[in-house]
Amino acid sequence: MSSITNYLDSSYYTDTSTTSGSSSSSELGKEACLQLLLTQLTYQDPLDPMDDQDFVAQLAQFSSLEQLTNISTGITDLNENVQENQMFSAIQFIGKTVRASGETIQLEEGKASTIYYNVASDAETVLANVLDEDGNVVRTVDLGGKNAGDYEFVWDGMDSDGNVLDDGVYSVTIMTQDADGNAGVASTEIQGKVTGVESSDGTYYLRIGDVLVDFGNITEIVNEADLVEEETTA
């Protein structure tokens, strides 16, 4: 009477109701385990029936298997629901102007999008390093000293030799150094209008021009009235 116990004590179970091609699985699912238990009861020796304690123990193990199966199914359903909710939430951003943590910018017709950065503490030197898609530094701009605060940087689209670079996606890293020589990296954000949503490996990205932004990196939905005011005062 130990065969059902041995199977229930195995580390994992799968439902064997379906097979692929001519191959079959040696692992038992909950239906197969129950069928095996019923078969044992049907063909047990009447003169030496299954011990009550063994029977109760096997039923308890089967109950545990049932609960684990239900939990696994519930987690799978929950993950699917979360991804669907993320997709619907991401779609709501289409057409809106957002700000998100990141350092990727777009160069189009020689004009680069703005990078917003925060200097955590007073810095004697602030450098903006512009990198291409391969990670090569194509331009370093000395922004001088900055007090702690928020700033903007707009790259002119040129390399270190003054050549206008090809349109495309670039990234900007803002390096800082204080009076004591301590180096740091400023946090950066980008801003733009969302034109679409893309999904990759369960993660949703908002498309801003040719730049993809992780949905989880959105920090602010920009008020359109504020944009008009900024353009008026610029």
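The values are calculated or read from the model by the stated rules, or taken from the named source; none is laboratory data. If you're wondering where the values come from, they're calculated on a predicted model, not measured in any experiment. No Cβ is skipped: glycine too gets one built from the backbone with ideal geometry, and neighbour counts run over all protein chains shown. These accessible areas exclude ligands, DNA and RNA; they are computed on the full protein's heavy atoms, side chains included. Shrake-Rupley method; radii C 1.70, N 1.55, O 1.52, S 1.80 Å.
Taking K and R as +1 and D and E as -1, what net charge do the other residues with C-beta under 14 Å from the C-beta of residue 140 add up to? Show your work: numbers first, answer last.
Numbers: positive: 139; negative: 132, 142, 156, 159, 161.
Computed value for this residue: -4.
Normalised per residue, the accessible area of region 107-234 is 58 Å², obtained with a 1.4 Å probe and no contribution from ligands, DNA or RNA.
The 1.4 Å probe gives accessible areas that order 213, 138, 185, largest first, as 185, 138, 213.
Return the carbon/sulfur percentage of the accessible area of region 93-234, one whole number, probe 1.4 Å, all protein chains in place. Write down the numbers at each step before the final one.
Numbers: 3370 of 8010 Å².
Ligands and nucleic acids excluded, carbon and sulfur reach 42 percent.
Subtract the Cα-Cα distance of residue 161 and residue 122 from 0.36 nm times their separation in residues, and report this length gain in nm to one decimal. Display every interim value, and only then the final one.
Values: separation 39, 0.36 × 39 = 14.04 nm, distance 3.03 nm.
Extending this stretch completely gives an extra 11.0 nm.
Taking the convex hull of the alpha carbon positions in region 91-234 and averaging its projected area over all directions gives 9.9 nm².
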